[in-house]
Amino acid sequence: MRVRASYSAGALTSPKSGKVRSVPMAPQVAETLARLGRRGWSVGDDDLVFVGEGGGFVDGSALRRRYKFALERAGLRSLRFHDLRHTFGTRAIGKADILRVKEWMGHADVATTMRYLHYVPRPEDARLIAAAFAIEAPPVMAFSSEPGWSPQRGPGH
């Protein structure tokens, strides 16, 4: 998907970062959008995917109503629409490097993307902590035939 513009407060503006960017799309989303492409109208590169009244942009209140209705139909808890963006960042950072996620989200500064780093799964961390706190086995004692040696007292006792 290519993000070329943003629609906010009734006006078409540049994207959040000020730059056009590409964002990969999950196959299930691509398949669903491809089905919309077979509807026969509003299928050009510059056409809107989701159309408001009169064929224009969907206004904010209508978008929120549609979104709330979709959440209810899916049996999902209430989330802000913007939470979808944070969910994307959280899930993406678990699989992709920070610079890719920065690019996909349109962040101007990597410091903005770093807020998602605490979601990166690091299974090796549990192994490191387990090793740090492992109870070490007592050293194996060698037996000797030396006179006076015993495993309890050591040599010469």
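Just a few scattered comments:
- All positions within region 10-44 that are in a helix (DSSP H, G or I) and either within 20 Å of residue 109 (Cβ to Cβ) or of a type in the set (S, T, N, Q) (or both): 28, 32
- Subset of region 89-115 that is charged (D, E, K, R) and either touching a residue at least 40 places away in the same chain (Cβ under 8 Å) or surrounded by 17 or more Cβ atoms within 10 Å (Cβ to Cβ) (or both) - its residue that is farthest from residue 22 (Cα to Cα): 102
- Hey, residue 73 under 19 Å from residue 29 (Cα atoms), at pLDDT 90 or above and exposed (fewer than 10 other Cβ atoms within 10 Å of the Cβ) or not: yes
- Filtering region 22-47 to residues that are in contact (Cβ under 8 Å) with a residue 40 or more places away in the chain and within 20 Å of residue 57 (Cβ to Cβ) leaves only 23.
- Checked against the criterion of being assigned to a loop (DSSP other than H, G, I, E, B), over 20 Å from the mean Cα position of the chain (by Cα) and hydrophobic (A, V, I, L, M, F, W, C), the candidates 63, 48 yield just one match: 48.
- Here region 114-148 is the region considered, the condition is being at pLDDT 80 or above, more than 30 Å from residue 96 (Cβ to Cβ) and not aromatic (Phe, Trp, Tyr), and the residue that is farthest from the chain's Cα centre (by Cα) is 135.
- Across region 95-134, the number of residues qualifying as outside any helix (DSSP H, G or I) and of a type in the set (Asp, Glu) comes to 2.
The values are calculated or read from the model by the stated rules, or taken from the named source; none is laboratory data. Computed from a prediction, not measured in an experiment: that's the story for all the values here. Cβ sites come from the backbone with ideal geometry, for glycine too, and all protein chains shown count toward neighbours.
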